[in-house]
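Engineer: Sharing a structure below in C-alpha cells format, with a few things to ask.
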Amino acid sequence: MHGSPLSEAQFDELRRCSRQGRKLRRACGVARFNGWTLALFGACGLVSGFWDAAGLAFGAAFGILAWREFAGARGLAMLRERAARGLALNQVVLGAVVVGYAGLSAYRVLERQGVSAAEAAELDAVLGPGGAASLASMASALSLVVYGAVAAASVLCQGLTAWYYASRARLVREQLAATPEWAVRVQRIVLAA
C-alpha cells in the first residue's frame with residue numbers, strides 16, 4: 001500500500017479550489033446547454049433555408065454562435081478570463097441576431113399585409129363584407145406583437161446572460177490569484193472533464 005504523494009495541506013487546497021470552482025463549473029454547464037440549444041435552432045434554420053434564404057442565413061449564424069459557445073465553455077473550463085468575455089460578447093451578438101430576425105419577420109408581415117383577391121372573396125363570403133380585411137389586419141397586428149415580444153425577450157435574456165458570463169471573468173481572476181499553479185493545473189483538468 002502506497003501513501004499519497006500529496007500532503008493534507010495540499011488536499012485542503014484542492015478542496016478549497018473545488019468549492020471556489022463550483023460557480024465556474026456551473027457557468028461551463030450553462031455555456032454547453034446554450035451551445036446545444038443554439039445548434040438545434042441553427043439546424044432548424046438551415047433546414048428552413050431550403051425554402052427561405054433568410055432562414056439559411058439565420059441558421060448559419062446560430063451555428064456559428066453555437067460553435068463559439070462551446071469554445072467559450074472549453075476556455076472557461078481552462079480558467080481563461082478572455083473566454084468569459086467572449087461568452088458575454090457571444091450573447092450580445094445572439095441578441096442582435098434574434099432582434100434582426102424579429103425585425104425582418106415584422107417587415108415581411110407589414111410588406112404582405114392583406115390577402116389575395118380570391119382569398120378575400122372566400123373570406124368575405126364566410127365572414128361577411130370586409131371580413132377578409134379585418135381578419136388580415138388582426139393577424140398582422142398579432143404577428144407584430146409576437147415578433148416585438150420575441151425581440152424584447154431576447155434583449156432581456158441575452159443581456160442578463162451576457163452580464164452573467166462577464167461576471168465569471170472576475171471569478172477566474174480571483175481563482176488564479178488565490179491558487180498555487182499546481183492546484184490550477186489540477187482544477188483545469190477537473191473543469192475540462
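Engineer: Give the range 116-143 a look and list any residue that's modelled with pLDDT of 60 or more and in contact with a helix residue (DSSP H, G or I) (Cβ under 6 Å, 6 or more places away or on another chain), or say none.
Structural biologist: Within the range 116-143, Ser140, Ser143 qualify.
Engineer: Same structure again: Which numbered condition trips up Gly86, out of (1) under 23 Å from Ala152 (Cβ atoms); (2) crowded, with 16+ Cβ neighbours inside 10 Å?
Structural biologist: Evaluating Gly86 over (1) under 23 Å from Ala152 (Cβ atoms); (2) crowded, with 16+ Cβ neighbours inside 10 Å leaves (1) as the failure.
Engineer: Do you know which residues across the range 24-48 are surrounded by fewer than 13 Cβ atoms within 10 Å (Cβ to Cβ) and more than 13 Å from the chain's Cα centre (by Cα)?
Structural biologist: Residues satisfying the conditions are Arg26, Val47.
Engineer: Confirm whether Tyr147 is at pLDDT below 90 and closer than 30 Å to Val97 by Cα.
Structural biologist: Judged against the criteria, Tyr147 is a match.
Engineer: So how many residues does the range 1-23 have that are of a type in the set (Gly, Ala, Ser) and either loosely packed, with under 14 Cβ neighbours inside 10 Å or farther than 27 Å from Ala73 by Cβ (or both)?
Structural biologist: Here the count works out to 4.
Engineer: If you take just the helices (runs of 4 or more DSSP H) that sit entirely in the range 1-115, which of them hold at least 1 residues that are of a type outside the set (D, E, K, R), within 16 Å of Thr161 (Cα to Cα) and modelled with pLDDT of 80 or more?
Structural biologist: Result: 22-48, 53-77, 81-111.
The values are calculated or read from the model by the stated rules, or taken from the named source; none is laboratory data. Every value quoted in this text rests on a predicted model; they were computed, and no experiment measured them. Cβ: placed from backbone, ideal geometry, glycine included. Neighbour counts: every protein chain shown.
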